[in-house]
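The values are calculated or read from the model by the stated rules, or taken from the named source; none is laboratory data. What you see is a predicted model, and the numbers here were worked out from it, not measured in a lab. Don't worry about glycine lacking a Cβ; one is built from the backbone with ideal geometry, like all the others, and counts go over all protein chains shown.
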Amino acid sequence: MINRDVAIAGNLLAIANSAMFNLGRHVETIEGAISLIGLNHCHALLTRLMARRVLAHGRMMMPRFWDVSEKRSWGMLHVARKMHIASPEAAHNFGLFSDIGIPLMMASFSSYPETLLLANRMETCGFVQLENQRHRINHAVVGAMLAEHWNIDADIVLAIRKHHSFEVLDNGSASSAVRELIAVHLIVEKAIQDFRHAVSGEWNSRGTLAMAALQLSDSDVSALCEELQTLFLSPGFRFPQ
């Protein structure tokens, strides 16, 4: 089926051959990509490509959203590999889909652009609380529902649902795999905000929880963020569109 869709097949091969996967050989077939990067990686990448095809139109175009999604997924893959924290595959896949509920919220609520503007001005964490107040639902819940419908791994679905609920980092209410994903996500989001010369309110208020969960120091996080900002500028970083 994949081979019948030239655009999807071509994009998947381009991603598999990108510098981020660093396979050491050129992949020429879909079968080769599945063999070398794994079925779950391919499933997530294909889901992301198809989601963008379906969602990135009209009010859901949101170039910044898709740009951040790219940075987050590759950034989480890099941190998981380097620090041997969480499953690299799960980290990459979670990074792809953690905020997938945002374009759906955009399509569903005419006032959602204003919600995003208000959230971007907030210097403390409270994005999902703002969404709940204005729309009676939030992007984390919507994204988790969609990910579950897509048969994404259960740990990733729960991490999507809880990725703004930072109490899970220290209260034992989630598995270690979910806690690690959420903590790495918080570090990578800080790196993305640093890259944009913006303030990360969530890191300022909850960063210590992430560091404690991953047993990292301030200097560890600073070094990771510097590496990630270099990564974001590197050739071969971007997804095919």
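Is it the case that the stretch 157-168 has a residue that's buried (at least 18 other Cβ atoms within 10 Å of the Cβ), touching a Gly at 6+ places or on another chain (Cβ under 7 Å) and within 20 Å of Val68 (Cβ to Cβ)?
Taking the stretch 157-168 as the starting set, the residues that turn out to be buried (at least 18 other Cβ atoms within 10 Å of the Cβ) are 157-164, 166, 168.
Keeping just the survivors that are touching a Gly at 6+ places or on another chain (Cβ under 7 Å) gives 160.
Narrowing the set further to residues that are within 20 Å of Val68 (Cβ to Cβ) leaves 160.
The answer is yes; a qualifying residue exists.
Which one of the conditions (1) under 18 Å from the mean Cα position of the chain (by Cα); (2) closer than 15 Å to Ser98 by Cβ; (3) surrounded by fewer than 21 Cβ atoms within 10 Å (Cβ to Cβ) does Ala174 fail to meet, given that it meets all the rest?
(1)
Quick one: which residue in Ser176, Ser98 is in contact with a helix residue (DSSP H, G or I) (Cβ under 7 Å, 6 or more places away or on another chain), at pLDDT 90 or above and of a type in the set (Ser, Thr, Tyr)? Give the steps one after another, and end with the answer.
Numbers: Ser176 fails: in contact with a helix residue (DSSP H, G or I) (Cβ under 7 Å, 6 or more places away or on another chain).
None of the others qualify; the one that does is Ser98.
Select from the stretch 116-145 the residues that are crowded, with 21+ Cβ neighbours inside 10 Å and either in contact with a Leu (Cβ under 7 Å, 6 or more places away or on another chain) or more than 28 Å from Leu49 (Cβ to Cβ) (or both) and list them in ascending order.
Val142
How many residues, within the stretch 1-30, are surrounded by fewer than 18 Cβ atoms within 10 Å (Cβ to Cβ), within 23 Å of Ile152 (Cβ to Cβ) and modelled with pLDDT of 75 or more?
Residues in the stretch 1-30 being surrounded by fewer than 18 Cβ atoms within 10 Å (Cβ to Cβ), within 23 Å of Ile152 (Cβ to Cβ) and modelled with pLDDT of 75 or more: 1 in total.
Does the stretch 89-115 hold any residues that are in a loop (DSSP other than H, G, I, E, B) and buried (at least 19 other Cβ atoms within 10 Å of the Cβ), and which are they?
Filtering the stretch 89-115 for residues in a loop (DSSP other than H, G, I, E, B) gives 98-100, 109-111.
Result: Ser98, Asp99, Ile100.
Out of (1) buried (at least 22 other Cβ atoms within 10 Å of the Cβ); (2) of a type in the set (A, V, I, L, M, F, W, C); (3) at pLDDT below 90; (4) assigned to a helix (DSSP H, G or I), the odd one out for Ala86 is which?
(4)
Being without any contact (Cβ under 8 Å) to a residue 60 or more places away in the chain and either at positive phi or not in a helix (DSSP H, G or I) (or both) is the filter here; which residues of the stretch 199-234 pass it?
Ser200, Gln215, Ser217
Quick one: would you say Val199 is β-branched (Val, Ile, Thr) and more than 26 Å from Arg48 (Cα to Cα)?
Details: β-branched (Val, Ile, Thr): yes; more than 26 Å from Arg48 (Cα to Cα): yes.
In short, yes.
Looking at (1) outside any loop (DSSP other than H, G, I, E, B); (2) within 24 Å of His78 (Cβ to Cβ), can you tell me which one His164 breaks?
(1)
What residue, among those in the stretch 129-150 that are free of Cβ contacts under 8 Å to residues at least 40 places away in the same chain and in a loop (DSSP other than H, G, I, E, B), is farthest from Ser87 (Cα to Cα)?
The selected residue is Arg136.
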